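The structure appears right after this line, and notes come after that.
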Amino acid sequence: MALQGNLQDFSLVEILQLIAVQRKSGVLRLSSGPNVAVLFFEKGNVVALSDRRDREKKSEPLLHFLRTTGRLSNEHAEQVGAIRTQSKKELPEIIIGGGYMSAKQLTEAIEQFARELLPSLLTWKRGTYVFSGDERTVSRLYLKVPMRTEALLMECMRRIDESARMKELYSPSLILRPTGKEPPEELGEHEKKALPLADGKTPIYDIVVKSRLGEFRTYEALDRLVETGLIEITDQTAEPPGREPSVEVGAKVRLVSALRIALVVAALTAASLGVRWAVAKFEAVAESSYAPPGRAEKVREEDVRLAIEVYKAAKGVYPDDLRQLVSEGLAVEATPSNFNYAKTPKGFALQRKQ
């Protein structure tokens, strides 16, 4: 029996947390208006983000990502798309089998694609979800790329926070120019790609396309280049077609950024405080809710770290003691006895007891 419902009542953060904690295998289908996303899980880990049965879709998100990031040329992307439409093969099978990319290259691309896609899915406040515990479908996937769901969630939270800040400081219509400062030898690869594109003529929305790094990585690289003094904001702007005029960078921008970050924290708060109710609901509805033998005793350090970060997002501070995680329903009873924990000036220290 499938678990299904509305995203208004049961957020995607809660769904992903439960699948990870319960180590579920199956398929999660999300829909919000015309938008559809499909995630495959194996023992709680995300292993794929593409629906094999949706062969009529003309704009496959993964294929679009591979094209826009330059991993596939336009010609090769069209060939792959045509083969997919006419055959029963999955995208990875076509891409690897046809020699368009190696398995290693595609694996790395899928990992980046997941980090680009999931933050946008977390913004879906309306829609439906269906999770079916179909392990047979997952086992038949041509290529599985195991990605820890907890780690993806933590990265998504960071990206949502950083994106809100960077997009308000650097609106898509801004034009950046070089300062003439000599780049250091240790300049990162992403910064090396973005630096020549900030030429005093190209707006940021074009730099995102030309850099082929993906939106978040491009913004991140530009932000670092500004911080290191290699580029600077000009007084020029270029409004893209169909966009509203952007607000000027300054006090108004900082206010909007603060409000957006506050909304993100509020969303995470609602998600984390609803964990205990969500667990009960999930276990009541799911067909095969289980916990592996010894699960309570063999608490994973990654799970505890995620629970601590969720507590921080909800409360605004790190817990004083791991028992606070238990009282909030974020950890099992055995957690405090398995770890040494302490708050630090920069965060927290966590170590499994010997």
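The values are calculated or read from the model by the stated rules, or taken from the named source; none is laboratory data. Predicted model only: the values in this text are computed from it and were never measured. Positions of Cβ are generated from backbone atoms using ideal geometry, with glycine treated the same way; all protein chains shown enter the neighbour counts.
Phe10: at negative phi and either outside any helix (DSSP H, G or I) or at pLDDT 90 or above (or both), yes or no? Steps first, answer last, please.
Working: at negative phi: yes; either outside any helix (DSSP H, G or I) or at pLDDT 90 or above (or both): yes.
Taking the combined requirement at face value, the residue satisfies it.
Could we say that Gly98 is under 26 Å from the mean Cα position of the chain (by Cα), more than 17 Å from Glu116 (Cβ to Cβ) and not hydrophobic (A, V, I, L, M, F, W, C) here?
Details: under 26 Å from the mean Cα position of the chain (by Cα): no; more than 17 Å from Glu116 (Cβ to Cβ): yes; not hydrophobic (A, V, I, L, M, F, W, C): yes.
Spelling it out, it is not the case that Gly98 is under 26 Å from the mean Cα position of the chain (by Cα), more than 17 Å from Glu116 (Cβ to Cβ) and not hydrophobic (A, V, I, L, M, F, W, C).
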Notebook entry, point to check: Considering segment 202-237 alone, what residues qualify as being in a strand (DSSP E or B) and farther than 20 Å from Thr69 by Cα?
Noted result: Ile231, Glu232, Ile233, Thr234, Asp235, Gln236, Thr237
Next item on the list: Determine if segment 78-93 includes at least one residue that is part of a helix (DSSP H, G or I) and of a type in the set (Lys, Arg).
Entry: yes
Notebook entry, point to check: Does segment 304-319 contain any residue that is modelled with pLDDT of 70 or more, exposed (fewer than 11 other Cβ atoms within 10 Å of the Cβ) and out of contact with any Pro (no Cβ under 6 Å at 6 or more places or on another chain)?
Noted result: yes
Check: Which is modelled with pLDDT under 85 and buried (at least 17 other Cβ atoms within 10 Å of the Cβ), of Gly133, Gly127?
Finding: Gly133
Margin query: Looking at Ser246 and the list (1) surrounded by 13 or more Cβ atoms within 10 Å (Cβ to Cβ); (2) in a loop (DSSP other than H, G, I, E, B); (3) at pLDDT 85 or above, which single condition is not satisfied?
Written below: (3)
Next item on the list: Among the residues of segment 21-43, write down those that are over 20 Å from Thr123 (Cα atoms) and under 16 Å from the mean Cα position of the chain (by Cα).
Entry: Phe41
Notebook entry, point to check: Quick one: in segment 310-330, which of the residues that are part of a loop (DSSP other than H, G, I, E, B) and touching a Lys or Arg at 6+ places or on another chain (Cβ under 9 Å) is farthest from Thr149 (Cα to Cα)?
Noted result: Asp320
Note to self: Give all pairs with beta carbons closer than 8 Å in which a residue from segment 105-133 that is within 18 Å of Glu150 (Cβ to Cβ) and in a helix (DSSP H, G or I) meets a residue that is modelled with pLDDT under 85 and basic (Lys, Arg); count only pairs at least 6 apart in sequence or on separate chains.
What the structure shows: Arg115/Arg159; Pro119/Arg159
Next item on the list: Among the residues of segment 16-33, count how many are assigned to a helix (DSSP H, G or I) and over 16 Å from Val47 (Cβ atoms).
Entry: 3
Note to self: So the check is Cβ under 9 Å with 6+ separation or different chains; which pairs have a first residue in segment 170-189 that's closer than 13 Å to Leu225 by Cβ and a second one that's of a type in the set (Lys, Arg) and assigned to a loop (DSSP other than H, G, I, E, B)?
What the structure shows: Arg177/Lys201
Margin query: Every residue in segment 190-201 that is assigned to a helix (DSSP H, G or I) and under 13 Å from Arg224 (Cβ atoms), please.
Written below: His190, Glu191, Lys192, Lys193, Ala194, Leu195
Item checked: Failed item in (1) part of a helix (DSSP H, G or I); (2) surrounded by fewer than 17 Cβ atoms within 10 Å (Cβ to Cβ), with Met166 passing the rest -> (2)
